[in-house]
1. Antiparallel as a % of all DSSP beta bridges within the chain, to the nearest 5?
2. Plugging the Kirkwood radius over Cα pairs into Stokes-Einstein for the stretch 107-204, at a temperature of 10 °C and a viscosity of 1.306 mPa s, what D comes out in µm²/s?
3. For the chain, what number results from the quotient of the Cα radius of gyration and 2.2 N^0.38 Å?
4. Considering only DSSP states other than H, G, I, E and B, which GluC sites (Glu not before Pro) in the stretch 130-212 qualify as loop sites with at most 16 other Cβ atoms within 10 Å?
5. Give the residue list of trypsin sites (Lys or Arg not before Pro) in the stretch 129-207 that are DSSP loop and have at most 11 other beta-carbon atoms within 10 angstrom.
6. At q = 0.14, 0.16, 0.21 Å⁻¹, what base-10 log of I(q)/I(0) does the Debye formula yield for the stretch 239-302 when every alpha carbon is treated as an equal point scatterer in vacuo?
7. What fraction of the Cα pairs in the stretch 1-103, stated in percent, has a spacing above 24 angstrom?
8. Net charge within 10 Å of THR244 by Cβ-Cβ distance, Lys/Arg positive one each and Asp/Glu negative one each, not counting THR244 itself?
Amino acid sequence: MDEELERDEKVFLLGEEVAQYDGAYKVSRGLWKKYGDKRIIDTPISEMGFAGIAVGAAMAGLRPICEFMTFNFSMQAIDQVINSAAKTYYMSAGLQPVPIVFRGPNGASAGVAAQHSQCFAAWYGHCPGLKVVSPWNSEDAKGLIKSAIRDNNPVVMLENELMYGVSFELPAEAQSKDFLIPIGKAKIERQGTHITVVAHSRPVGHCLEAATVLSKEGIECEVINMRTIRPMDIDAIEASVMKTNHLVTVEGGWPQFGVGAEICARIMEGPAFNFLDAPAVRVTGADVPMPYAKILEDHSVPQVKDIIFAIKKTLNI
């Protein structure tokens, strides 16, 4: 964000506690001191209000980054995100772009119960007019936020609270100020020949752990990090399924009408279906509001053992 604020004076950040407090999760640390009150703006606790201000600013030619303290609170502003931001470019016959980024933590955290633990990938991925990205590691986060800020469409960036404290090695090319990850392109994080495992956000790490365990048993998993939910890189998934002949999808959200359900439907409708040697299997969060108790919470989000079980089930081992 710092690089983009420096590069383009039309970019500004607004949200709850983003300025003087350095962000609820310290994501905007130091930005207020560097850019001041005009470009790093603390807002009242009124998502509908500040999301509306941000959408209006985007329509007027600025490039706002609108931070929700968590995406659960974006429900307060969903009319602005969907009806004002996502639909305007189409409804104006391409005359009125809305270059805005909605970002913040998404999905299950730890110990914050049902109202603060939802995954909104399927919700926002459902809506034409939006682009939806979901980074896993530092490289994803940097490349996607820069692409999102430069994009002329509204982009929803679903970060993960539990990944904020995890450090990754950043490749040399990712440290360049010109490093971008194109929206709509998945990345193969691990090559494999026996089964395709597709995930986004934090579960990508779980899939790689499961793949490491299974490789000791002679099972080579191809792990795909989706990076973008909408537009989905179905070509990358199809190419992998045609090679491995098996598919497992992994996500932290609820099963019904979820990201995995969409991937399975696309595979079934497309050329890769005839290459499948077994039905595709989904690994998802449990179909319940998130419980508060730790042991129940652990049973409600996909664990490494659940992914291993699903892969073995798919391969009939």
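The values are calculated or read from the model by the stated rules, or taken from the named source; none is laboratory data. Quantities reported herein were computed from a predicted structural model and do not represent experimental measurements. All Cβ positions, even for glycine, are placed from backbone atoms using ideal geometry, and neighbour counts span all protein chains on display. Surface accessibility is based on the protein's heavy atoms, side chains included, excluding ligands, DNA and RNA. Shrake-Rupley method; radii C 1.70, N 1.55, O 1.52, S 1.80 Å.
1. Percent antiparallel among DSSP bridges in the chain is about 15.
2. It diffuses with D of about 106 µm²/s by this estimate.
3. That works out to 1.00 for the chain.
4. GLU169
5. Answer by residue number: LYS177.
6. For the requested q values the scattering log ratios are -0.47, -0.57, -0.79.
7. Roughly 20 percent, once rounded to a whole number.
8. For residues surrounding THR244, the net value is -2.
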